[in-house]
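The values are calculated or read from the model by the stated rules, or taken from the named source; none is laboratory data. The model shown is predicted, which means the values in this text are computed figures rather than measured ones. Cβ sites come from the backbone with ideal geometry, for glycine too, and all protein chains shown count toward neighbours.
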Amino acid sequence: MNRKLLKSNSFEVSATLPIVSIILGLFTVATSFGETPTNASGFADIFETIKREASPEELYAFLYDMPKGGDLHHHHGGSNIPESWYQVATDPQRNGGQYYYTRYRIMNCGEELPPPGLRGGSGSLMYWVNINKRSWITLSDCEQSEYKPLEDLTEKERQAWMSSIVLDRPGEGQNEFFEYHWSRLNHIFSNPYLMAELLVDNMKRFGAEGLHYFEPQINVFRYHDKEGNPITPHEVYEIYKERINRPDALATGVTVRCQLTILRFLPNSPDHVAGAFDFIDKHRDLWRGINLAGREDNEKGHPRRFTEAFDNALRQYPGIGISIHAGEENEPSEHIADTLRLGATRIGHGVNLIEDRDTMNLMRTGKFFVEINLISNELLGYVDDIAEHPFPVYLRQGIPVCLNTDDRGMWDSNMTDEFFVAVTNFNLSWEEIVLMGNYSLEFSFAQSDVKKQLLESFQRDLESFAKKYSGGDWRTPLKSVKPVTYGYGKNHLGLKL
């Protein structure tokens, strides 16, 4: 097919990196006929045949069925597809007994103030802002009339509500995403029961497409119950832990470990670092790393302002993973080098690393890792043409990388979309796909024993997968695969699924 047609924890890494090479060297699969094993390069030939002969829909189904390692760059708040937000927000049985109202019309009621607790944006002029019931009852009659119970939306209104948290229209990009999506969701974010339910929803969806592990960035501060009483960070931890250990979550086969994220450009953001490290230290079974997120082009978004805070934390807390957004910019900067100075072993995005020769050479040592987010970088305009993304240069020059979904709910995409974009634009080989899958687990912040189990499970699933498609007729097993795609796959990739 025409690959250019579709434009669109722990600090154990350096010590354990050879495991990846060992696993690749030992990768063997059995063919469907007989017991004669074939090595990874043998299945690589089959993969090349599939790439050459498959229709876009067949290739997508193959990649959907393919075992995948980990999703390491994953914002929980931005990862939920619109239908899931709506289903859980309108179901008190799943969201801790809360009810939500959304702004479906603007009546210009007196003094124009944003709804209580609105996170940024122009509240007086923005449709589909969501508030909880206890805030709605404090509004004037006129202001109340601007809002409607979320469950009472007409079908047309519901579609508009869901569209309001997805980049699905021409011209939408960085400003729509950073300034409005999050502000519209608003109070829905402050319900840990709802957010924990959505985490399990993602576990189910990821499990269906073969993902073994993901590492969501989850906030634990500023939550409230339905009466408005604060919920402590430890209570939030208990809510998440209980939910992901129920039978339906465990049945997904997906392992979850979390990161705690600090919004980097707030005036007092460095002051939050110590508290974040302390929380992670006390809840290491589930929370494993720290991150800095938010626009780097904000005047307070640069990493150097956090140097003292991270140095002080590292004097006290051992073995906490550090993965920080850096290089998610349209112009060259020293942000990646400054982020490595903070102690990061993983860089989120790293788009402009290609412009920093010395840092790029440093990252070829194998001690540092780049979390690649192709669809995010495309939709937010950090690359003008996805086919010119620096990802394959990093991969093929020896910088450890993996593919990730970032805010996949706001792109209306999934992990298979990332692989499909990578394969069709950059001619990925089977060895490279296996390598990135192993990298994604090896560079995770999961505990050593968990990481070992994940790598072994991933290896077994790869062997079964290769055997399934090695019988000389790869189309027959493909008929049983029922891939799921979303708005990005249909509208950007043109898939007819």
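Find the residue count for region 439-482, including only residues that are in a loop (DSSP other than H, G, I, E, B) and either over 23 Å from Val256 (Cα atoms) or not assigned by TED's automatic domain parsing to the domain that holds Val254 (or both). Walk me through how you get there before you give the answer.
Within region 439-482, the subset in a loop (DSSP other than H, G, I, E, B) is 443-447, 469-474, 479-482.
Still in the running and either over 23 Å from Val256 (Cα atoms) or not assigned by TED's automatic domain parsing to the domain that holds Val254 (or both): 469-474, 479-482.
Summing the residues that are in a loop (DSSP other than H, G, I, E, B) and either over 23 Å from Val256 (Cα atoms) or not assigned by TED's automatic domain parsing to the domain that holds Val254 (or both) in region 439-482 gives 10.
So Thr138 passes all but one of these: (1) at pLDDT 95 or above; (2) buried (at least 18 other Cβ atoms within 10 Å of the Cβ). Which condition number does it fail? That leaves (2) as the condition not met. Here is a check on your reading of the model: is Asp248 within 20 Å of Asn191 (Cβ to Cβ) and in a helix (DSSP H, G or I)? For Asp248, the condition - within 20 Å of Asn191 (Cβ to Cβ) and in a helix (DSSP H, G or I) - is met.
Taking helices (runs of 4 or more DSSP H) as the structural unit, those lying wholly within region 1-96 and holding at least 1 residues that are crowded, with 17+ Cβ neighbours inside 10 Å, in the same structural domain as Glu215 (by TED's automatic domain parsing) and at pLDDT 95 or above correspond to 40-53, 56-65, 82-89. Taking region 186-214 as the range and being surrounded by fewer than 22 Cβ atoms within 10 Å (Cβ to Cβ) and closer than 30 Å to Asn330 by Cβ as the test, only Phe189 passes.
On the basis of being in contact with a Lys or Arg (Cβ under 7 Å, 6 or more places away or on another chain) and not small (Gly, Ala, Ser), does Asp356 make the cut?
Working: in contact with a Lys or Arg (Cβ under 7 Å, 6 or more places away or on another chain): no; not small (Gly, Ala, Ser): yes.
Answer is no for this residue.
Note on region 315-334: residues that are at pLDDT 95 or above and surrounded by 21 or more Cβ atoms within 10 Å (Cβ to Cβ) total 7.
One residue is enough: does region 203-210 have a residue meeting the conditions in the same structural domain as Ala466 (by TED's automatic domain parsing) and outside any helix (DSSP H, G or I)?
Here is the first cut: in region 203-210, the residues in the same structural domain as Ala466 (by TED's automatic domain parsing) are 203-210.
Within this subset, residues satisfying the condition of being outside any helix (DSSP H, G or I) are 209-210.
Yes, that holds for at least one residue.
The residue of region 365-421 that is surrounded by the fewest Cβ atoms within 10 Å (Cβ to Cβ), among those that are acidic (Asp, Glu) and touching a helix residue (DSSP H, G or I) at 6+ places or on another chain (Cβ under 7 Å), is Glu378.
Residues of region 145-156 being over 18 Å from Leu185 (Cα atoms) and more than 33 Å from the chain's Cα centre (by Cα), which ones?
The first filter runs over region 145-156 and keeps only residues over 18 Å from Leu185 (Cα atoms), leaving 145, 154-156.
Across region 145-156, the qualifying residue is only Ser145.
Assess whether Ala274 counts as being hydrophobic (A, V, I, L, M, F, W, C), surrounded by 14 or more Cβ atoms within 10 Å (Cβ to Cβ) and closer than 14 Å to Ala309 by Cα. Here the answer is yes, as Ala274 does meet what is asked.
Of all positions in region 112-132, none carries a residue that is under 29 Å from the mean Cα position of the chain (by Cα), at pLDDT 90 or above, among the basic types (Lys, Arg) and within 23 Å of Glu83 (Cα to Cα). Scan region 204-253 for residues that are under 30 Å from Ile433 (Cα atoms) and of a type in the set (Lys, Arg) and the total you get is 2.
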